[in-house]
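Let me begin by presenting the structure, written as structure tokens, before commenting on it.
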Amino acid sequence: MVFQSFMDAALDQVRAAATRGEVPVGAVVVKDGRIIAAAGNRTRELSDPTAHAEVLAIRAACAAAGSERLPGHDLYVTLEPCPICAGTISAARIARLYYGAADPKSGGVAHGARVFSHRQCHHAPEVYDGIAAPESEALLKAFFAQRRDA
């Protein structure tokens, strides 16, 4: 089997989020080589601190599956998930997590809380990091540089 990345679709969600003035993070949920759900951050738009790209994409995928669990599903996200998102990934039983840029400040997978390594974590996905990291990082840096310069 040949690995097929869906990070380009997540990066499309990043660009849409940035256009809306949201922190540019994008996520897609994939099952059997097909995108089931896609989302970008909408915390400001929805006035919802939990409206992170990963959470929104997982909610949509769960609705499509008719289940609160997504075994056999993959999640592609452009930034290392925060603790909220890592908890959601675990609860949804996502099989594989692919993420782009590391997040030393707010990450919850390889940095900070390291949610999947806790005894209390009921499910830990396979984790693959650094997928399209340079582009993910560049889009985030450009977004915040533009905000500082404005």
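The values are calculated or read from the model by the stated rules, or taken from the named source; none is laboratory data. None of these values were measured; they are calculated from a predicted model. Counting neighbours? That spans all protein chains shown, and the Cβs are built from the backbone with ideal geometry, glycine included. When the accessible area is computed, the model is the full protein with side chains, heavy atoms only, and any ligands, DNA or RNA have been set aside. Shrake-Rupley method; radii C 1.70, N 1.55, O 1.52, S 1.80 Å.
Quick look at the values:
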quantity: Quarter of the Cα convex hull surface for segment 70-137, i.e. its orientation-mean projected area (nm²); calculated: 3.9
quantity: Relative contact order, percent, segment 28-114 [alpha-carbon distance under 8 Å, six or more residues apart]; calculated: 25
quantity: Residue-normalised accessible area of segment 41-144, expressed per residue, 1.4 Å probe, Å²; calculated: 49
quantity: Alpha-carbon centroids, segment 87-150 and segment 1-46: separation in whole Å; calculated: 13
quantity: Value at 222 nm in deg cm²/dmol, rounded to 500, when DSSP H runs of n ≥ 4 in the chain each add -39,500 (n - 2.57); calculated: -11500 deg cm²/dmol
quantity: Low-density loop cleavage sites - trypsin sites (Lys or Arg not before Pro) in segment 59-124, where at most 10 other Cβ are within 10 Å (DSSP); calculated: Lys105, Arg119
quantity: Value of relative contact order over the chain, rounded to a whole percent, pairs C-alpha under 8 Å and six or more apart; calculated: 19
quantity: Fraction of antiparallel bridges per DSSP, the chain only, in percent to nearest 5; calculated: 55
quantity: Sulfur and carbon atoms: percent of accessible area, the chain [1.4 Å]; calculated: 53
quantity: Most fluctuating residue given options Glu135, Glu80, Glu45, as computed from a GNM of the chain linking Cα atoms under 10 Å; calculated: Glu45
